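Written below as structure tokens is the structure these notes are about.
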Amino acid sequence: MRNDGTLNRREVATVLLREPGDLLVVTGLGAPSYDAGAAGDRPLNFYLWGAMGGAAMVGLGLAMAQPRRRVLVLTGDGEMLMGMGSLASIAAAGVQNLAIAVLDNGRYGETGAQHSHTALTTDLAAVAAACGWRATATARGMDEVEALRDRLRSEPLFAVLRISPEEEPRHLPPRDGAYLADRFRRAVGVEGL
Amino acid sequence: MTSASWQAQVYAALKAARITQLAYVPDAGHAHLISAAHADADMGTVVLTTEEEGIAFAAGAWLGGQRAVLLMQSSGVGNCINMLSLPVNCRMPFFTLITMRGEWAEFNPWQVPMGVATPIVLTAAGVHVRRADHADDAAELVAASAALAFDSAVPVAVLLSQRLIGAKVFAK
């Protein structure tokens with residue numbers, strides 16, 4: 001077993017998404033979407049409520065389509081584990097404008113808080129590094145989180161934030177995918193393309 | 001018509017459809033398209049560890065205003081089913097070219113299940129399925145299918161039949 005994290009997930013999300021500007025944000029299903037919504041709903045947040053395992057690759061497609069914009073994928077350990085291969089695909093693609101932040105509580109939060117592989121044996125930052133990500137980080141304290149906020153907006157960085165398994169009150173952002181996609185595209189400026 | 005010629009026409013149809021991103025898990029039947037994409041400075045290419053990554057990738061490209069195509073083999077379709085809920089739920093276009101196995105002079109029995117299941121599971125998942133059997137209309141079919149996908153914002157799969165691609169020779 002690996003030690004659980006102690007960071008408060010809402011505090012972490014608030015810091016990472018503070019003053020987002022024109023940051024393009026994709027969130028993985030479950031609590032990371034709720035955290036991002038609680039930090040402040042905006043058209044440039046694209047919340048996934050399904051497609052488990054796909055968040056990082058949505059980020060890659062977006063980053064390659066918008067090379068002058070910064071893209072941040074905010075997801076959970078379970079969702080990232082399901083898309084672990086995408087860490088190889090993304091590193092191989094070599095994009096510079098995409099970063100991934102994993103809110104890692106070692107639990108599958110939507111299904112009864114069963115232990116995930118990161119609570120058992122898996123270090124996702126080490127996985128990313130082995131896949132070819134040259135910049136990786138693991139944070140356990142808020143001072144480290146603060147330092148990561150700017151790095152996640154300027155480097156192709158894979159960061160693991162070791163958060164507490166404690167649940168926060170649900171804050172449900174919009175879940176209509178057609179609405180979310182349309183408002184996102186309008187905000188980026190690509191509707192009608 | 002030689003096989004290189006119809007594949008070159010298919011690539012031209014992808015370009016004419018304003019596709020600028022091409023994601024794939026490699027397949028011999030897509031070899032010409034893959035190498036054409038890598039040689040094209042105006043086509044982004046992404047090699048995937050598993051096919052469903054390409055569906056999420058295409059959704060991200062669409063959110064950013066670009067059109068993508070996913071190239072895969074019929075065996076990879078089986079990996080895709082839940083991820084298809086992303087373009088379907090979000091009313092996004094999705095376009096894929098699928099080389100068929102398990103249906104024409106197939107040597108490898110492990111290819112047969114997904115060869116049979118591909119059109120059925122794609123249809124069940126909400127994808128519009130088209131099939132190219134002949135070299136002389138493959139490019140036109142690809143062009144019309146891409147237009148359906150991107151102009152009507154629906155998921156579309158073009159199956160390139162094993163007879164068209166040519167059965168894989170395992171032992172010479």
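Estimated from the Cβ-Cβ distance and a Förster radius of 41 angstrom, the FRET efficiency linking A:E146 and B:V47 is about 0.70. Within the shell of other residues whose beta carbon sits under 13 angstrom from the beta carbon of B:A147, the net charge comes to +1, with Lys and Arg scored +1 and Asp and Glu -1. Shape class of segment A:47-193 from the Cα gyration tensor (axes a ≥ b ≥ c, square roots of the eigenvalues): oblate, since a/c reaches 1.5 or more and a/b does not exceed b/c.
The mean of 1/r over all pairs of different alpha-carbon atoms in the protein assembly as shown, once inverted, gives a Kirkwood hydrodynamic radius of 20.9 Å.
Report the local net charge at B:G76: Lys and Arg +1, Asp and Glu -1, summed over other residues whose C-beta lies under 11 Å from its C-beta. Write out the running numbers ahead of the final one.
On the way: positive: B:R101; negative: B:D27, B:E51, B:E52, B:E53.
The answer is -3.
Comparing A:T14, A:T138, A:T121 in a Gaussian network model of chain A, where Cα atoms under 10 Å apart are tied by springs, the biggest mean-square fluctuation is seen for A:T121. Near B:F95, once Lys and Arg are set to +1 and Asp and Glu to -1 for all other residues with Cβ below 12 Å from its Cβ, the sum equals +2. When exposed loop sites are taken as GluC sites (Glu not before Pro) in a DSSP loop with at most 16 other Cβ atoms within 10 Å, the longest stretch of chain A clear of them is A:1-109.
Springs join every pair of Cα atoms under 10 Å in this Gaussian network model of chain B, and among B:P109, B:P93, B:P155 the largest mean-square fluctuation is at B:P109. Per residue, the average separation of C-alpha pairs within less than 8 Å and at least 6 apart gives chain B a relative contact order of 25 percent. Here segment B:1-118 is treated with +1 on each Lys and Arg Cβ and -1 on each Asp and Glu Cβ, and its dipole about the Cα centre works out to around 340 debye. Computed about the Cα centre, the dipole magnitude for the protein assembly as shown is approximately 380 debye when only Lys and Arg (+1) and Asp and Glu (-1) carry charge, each at its Cβ. For A:I90, B:I19, the sequence from fewest to most other C-beta atoms within 10 Å is B:I19, A:I90. Work out which helices of chain B, taken as complete DSSP H runs, extend at least 15 Å along their axis over the Cα atoms and score a mean Kyte-Doolittle of 0.0 or more, then list them. Counting only whole DSSP H runs, the qualifying helices are B:3-16, B:52-63, B:112-124, B:135-152.
The charge dipole of segment A:28-155, taken about the Cα centre with unit charges on the Cβ atoms of Lys, Arg (+1) and Asp, Glu (-1), comes to about 460 debye, rounded to the nearest 20. With a cut-off of 8 Å between alpha carbons and a minimum separation of six or more residues, what is the relative contact order of segment A:64-193 in percent? Value for segment A:64-193: 26 percent.
Relative intensity of chain B on a log10 scale, I(q)/I(0) at q = 0.11, 0.17, 0.19, 0.20 Å⁻¹, equals -0.39, -1.00, -1.28, -1.43, per a Debye sum over C-alpha point scatterers of equal strength in the absence of solvent.
How many percent of the alpha carbon pairs in segment A:113-186 exceed a separation of 20 Å? Tail fraction, whole percent: 55. Under 5 Å between amide hydrogens, built in the peptide plane, is the criterion, and for B:T45 it picks out B:L22 among residues at least 5 positions away or on other chains.
Read-outs: derived from the displayed coordinates by stated rules, not from any lab. Computed from a predicted model, the values in this text were never measured in an experiment. Cβ atoms come from the backbone with ideal geometry, glycine included; neighbour counts cover every protein chain shown.
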